[in-house]
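Asker: Below is one structure. I have some questions about it.
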Amino acid sequence: MQLSEKALAISPSLTLKITAMAKEMKARGLDVVGFGAGEPDFDTPQHIKDAAVEAIRIGMTKYTPASGTLELKKAVCANLKTNHDLSYEPNQIVISNGAKHSLFNAFQAIVNPGDEVLIIAPYWLTYPELVKMAGGIPVYVEAKESNNFEPLAADIEAAVTNKTKAIIVNNPSNPCGCIYSQKTLEDIAGIAKKYDFFIVSDEIYGELVYDGNRHLSIANFSDDAYARTILVNGLSKTYAMTGWRIGYTASTPGIAKVMGSYQSHATSNPCSVAQFAGVEALTGPQDEIKKMRDEFNERRKLMVELVNGIEGISCVTPMGAFYVMMNISKLKGRKLDGEEIRGSVDFAEKLLEKKLTAVIPGAAFGADDFVRLSYAISRENIEKGLRRIAEFVGMLD
Ligand code: PLP
């Protein structure tokens, strides 16, 4: 019996092998430093946890409307107004089981088989798979490290065809940690208007920007950009709530209706308790966000300094999220015990094996000259891990 072609087209995660190896080594009692984390290492703030307990106590334990509770939708609208001066009504919001699910809904709603979706590389590894799940074709536009990983308008425009249905804008970006300038966002909005396609704007790291920068949402660049943008965000990264699974989209009422119907048959509502706690996250005290951001900022500076202090590797300073893209291109072709480092996967595997330090190979993000380091780990471990990386580089012939 044949399995579905669509399901078979989905790539297994390249990061899984390294993560599984690291886990297995840790389980054996080895002192592994893990730079792979894709989630804040902080606990969910207490007042949000208390709200969840309260939700259970008062019986918020049943189905809610499939696209989310009115209270949470209102809280999302208020948040988008305060942070971005964006006006949305609750019927434009769909609450889902995390931003990943929101993105899934978005592509199911807009992509027909054979439609192309522009993805800026290096990219979050889930995007191409979500596009393929909707029957679409990922089309990559390379953003260069020399341009701080911001794409050039000319490169985006050159990738547009009459099949282009959407572009994904991930700002701030995972894995690059870059934030897009006003000019880049204006260019993208202009190209989307000129060729009439959707903008899927993943703003999940929007609260994690540093050096006094502000995160700009492409949806408020013009009325046209607002109408063609499906804005995606969620509570996972901002409030250290990755396990609670609350994400959302803000879009036109028409698109929201289609995504809501789709979700109503696929999963029904996101967890009622998590939604109740989500209202507290968005409307309660926001001081924990600043504390987490300040700590990430210190770690960011430490990591950038340590990486750039190692001969043969380097990084540009990321402005957002909690990742550093470490350039290993100069090490390609060098050898360890007679074996050549051909690319990021070899680098990551050998580093883990020899120095018990786990990094994510850039090949997973369409960028084999890099490995991704997360600074969602303690400063102590950042120092320890980078000492090990320096020793590892020193071992190469
Ligand atoms: N978008 C990006 C760029 C991410 O890095 C992640 C998580 O790693 C997500 C979306 C999904 O977040 P969640 O589904 O936890 O809300």
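The values are calculated or read from the model by the stated rules, or taken from the named source; none is laboratory data. Bear in mind the structure is a predicted one, so any value in this text is a computation, not a measurement. Heads up, the Cβs are rebuilt from the backbone with ideal geometry, glycines too, and the neighbour counts pull from every protein chain shown.
Asker: State which residue is modelled with the highest pLDDT when the search covers only region 317-339 and only residues that are in contact with a helix residue (DSSP H, G or I) (Cβ under 6 Å, 6 or more places away or on another chain) and surrounded by fewer than 20 Cβ atoms within 10 Å (Cβ to Cβ).
Answerer: Applying the filter and picking the extreme gives Thr317.
Asker: As an exercise: evaluate Thr249 against (1) closer than 30 Å to Ile191 by Cβ; (2) assigned to a loop (DSSP other than H, G, I, E, B) and give the number of the one condition it does not meet.
Answerer: Of everything listed in (1) closer than 30 Å to Ile191 by Cβ; (2) assigned to a loop (DSSP other than H, G, I, E, B), Thr249 misses just condition (2).
Asker: All but one of (1) within 16 Å of the ligand (Cβ to nearest atom); (2) more than 29 Å from Val139 (Cβ to Cβ); (3) in a helix (DSSP H, G or I) hold for Ile56; state the number of the condition that does not hold.
Answerer: Of (1) within 16 Å of the ligand (Cβ to nearest atom); (2) more than 29 Å from Val139 (Cβ to Cβ); (3) in a helix (DSSP H, G or I), only one is false for Ile56: (1).
Asker: For Ile10, indicate whether it is modelled with pLDDT of 95 or more and outside any helix (DSSP H, G or I).
Answerer: Against the criterion (modelled with pLDDT of 95 or more and outside any helix (DSSP H, G or I)), Ile10 does not qualify.
Asker: Take region 86-104 and flag every residue that is touching a residue at least 40 places away in the same chain (Cβ under 8 Å), more than 7 Å from the ligand (Cβ to nearest atom), under 26 Å from Lys132 (Cα atoms) and assigned to a helix (DSSP H, G or I).
Answerer: Scanning region 86-104 gives Gln92, Ser102.
Asker: Within region 207-224, is there a residue that is of a type outside the set (Ser, Thr, Tyr) and part of a strand (DSSP E or B)?
Answerer: The answer is yes, given that some residue of region 207-224 is of a type outside the set (Ser, Thr, Tyr) and part of a strand (DSSP E or B).
Asker: So which of Lys183, Lys163 ends up being in contact (Cβ under 8 Å) with a residue 24 or more places away in the chain and not hydroxyl-bearing (Ser, Thr, Tyr)?
Answerer: Only one candidate qualifies: Lys163.
Asker: Output the residues belonging to region 243-279 that are touching a strand residue (DSSP E or B) at 6+ places or on another chain (Cβ under 9 Å), of a type in the set (S, T, N, Q) and within 28 Å of Gln46 (Cα to Cα).
Answerer: Hits for region 243-279 are Thr249, Asn269, Gln275.
Asker: Within region 347-368, can one find any residue that is within 24 Å of the chain's Cα centre (by Cα), buried (at least 23 other Cβ atoms within 10 Å of the Cβ), within 19 Å of Gly206 (Cβ to Cβ) and touching a residue at least 12 places away in the same chain (Cβ under 8 Å)?
Answerer: Checked against the condition, which is being within 24 Å of the chain's Cα centre (by Cα), buried (at least 23 other Cβ atoms within 10 Å of the Cβ), within 19 Å of Gly206 (Cβ to Cβ) and touching a residue at least 12 places away in the same chain (Cβ under 8 Å), region 347-368 yields no hits at all.
Asker: I would also like to ask the following. Which of the residues spanning region 188-218 are within 16 Å of the ligand (Cβ to nearest atom), touching a strand residue (DSSP E or B) at 6+ places or on another chain (Cβ under 6 Å), more than 10 Å from Val169 (Cβ to Cβ) and modelled with pLDDT of 95 or more?
Answerer: Within region 188-218, Ile204, Tyr205, Leu208, Val209 meet the criteria.
Asker: Collect the residues in region 262-289 that are of a type in the set (S, T, N, Q), surrounded by fewer than 17 Cβ atoms within 10 Å (Cβ to Cβ) and touching a residue at least 60 places away in the same chain (Cβ under 8 Å), keeping them in residue-number order.
Answerer: Ser264, Thr267, Ser268, Thr283
Asker: Please go through region 244-270 and pick out each residue that is touching a Phe, Trp or Tyr at 6+ places or on another chain (Cβ under 7 Å) and under 25 Å from Ile58 (Cβ atoms).
Answerer: Ser268, Asn269
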